[in-house]
Amino acid sequence: MKQWIVLPACMLMSLLFAASAMAAVRQAVIHGDRANGSERCTIVADVDGSAEVKISGASADLRTISGAEATWRRFQCSAPVPPNPSGFRLARVFGRGSVRLIREPRGHRGVALLRIDDPQKGRAFYTFELQWRVAGDGAWHPGSPGPGVGWAVRVCQDAVTERLHQFGYSVAGFDRLAPDPNPGRYLQVTGAVTGRRRFGSRLFSFSCSLDSRSGRVQSVNVHQR
């Protein structure tokens with residue numbers, strides 16, 4: 001009788017573990033939008049502790065190493081990651097901790113591995129981009145032009161979302177986004193955003209500055225209107 005009781009319990013635990021593992025797998029949204037002649041993938045994850053991201057083609061697996069369970073926010077690519085990309089690199093854009101490229105797809109059966117380490121308590125958004133060279137295009141060089149105004153808007157939206165999250169708000173929607181029409185070294189994005197929490201919603205103004213060479217957020221300011 002004891003064997004019949006233990007066996008279903010073990011099977012149930014195995015099923016629960018498998019379901020949890022499957023929940024961390026994400027398929028990329030393919031949008032076909034290159035960045036300065038290079039293909040790219042944008043990854044946004046919510047991490048509290050340490051996590052690994054394993055990418056193969058258009059599929060990615062987010063695995064929690066320590067801390068609270070890491071969750072997906074976004075996984076978009078201009079094309080699936082090829083098995084042997086040229087000029088494969090990581091551009092860390094936003095996050096309070098570190099994001100490291102542990103191994104690239106070339107020479108590792110087409111599987112890229114990245115690690116996110118969040119040093120502080122509480123969850124935080126991490127936004128970063130993987131880029132690789134398209135056949136026939138020039139190689140990526142540090143200090144080359146950044147990913148453009150469209151990418152700056154998306155990154156700044158993530159940064160503002162994270163700031164409102166620190167204030168205890170979730171984002172109900174962005175409005176009146178205004179990228180700088182004449183960007184130089186730094187891309188400027190301003191606009192309005194509605195934050196929502198349990199007892200109602202409020203309208204905020206925001207401004208965000210992004211380094212066009214490194215793709216990193218330089219400053220984020222959010223003020224209640």
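Got at least one residue in segment 168-176 being under 28 Å from residue 68 (Cα atoms), modelled with pLDDT under 75 and surrounded by 14 or more Cβ atoms within 10 Å (Cβ to Cβ)? Looking for residues that are under 28 Å from residue 68 (Cα atoms), modelled with pLDDT under 75 and surrounded by 14 or more Cβ atoms within 10 Å (Cβ to Cβ), one finds none in segment 168-176, hence no. For segment 152-188, filtering for residues that are touching a helix residue (DSSP H, G or I) at 6+ places or on another chain (Cβ under 7 Å) and in contact (Cβ under 8 Å) with a residue 40 or more places away in the chain leaves 1. Restricted to segment 34-125, the set of strands (runs of 3 or more DSSP E) holding at least 2 residues that are of a type in the set (Asp, Glu) and outside the structural domain of residue 153 (by TED's automatic domain parsing) comprises 38-56, 59-77.
For segment 177-225, a tally of residues being among the small types (Gly, Ala, Ser), surrounded by 15 or more Cβ atoms within 10 Å (Cβ to Cβ) and assigned to a strand (DSSP E or B) returns 5. Within segment 174-225, the set of residues being touching a Pro at 6+ places or on another chain (Cβ under 8 Å) and at positive phi comprises just one member, 215.
The values are calculated or read from the model by the stated rules, or taken from the named source; none is laboratory data. Given the structure is predicted, the values throughout are model-derived calculations rather than measurements. Glycine gets a Cβ as well: all are built from the backbone with ideal geometry, and neighbour counts include every protein chain shown.
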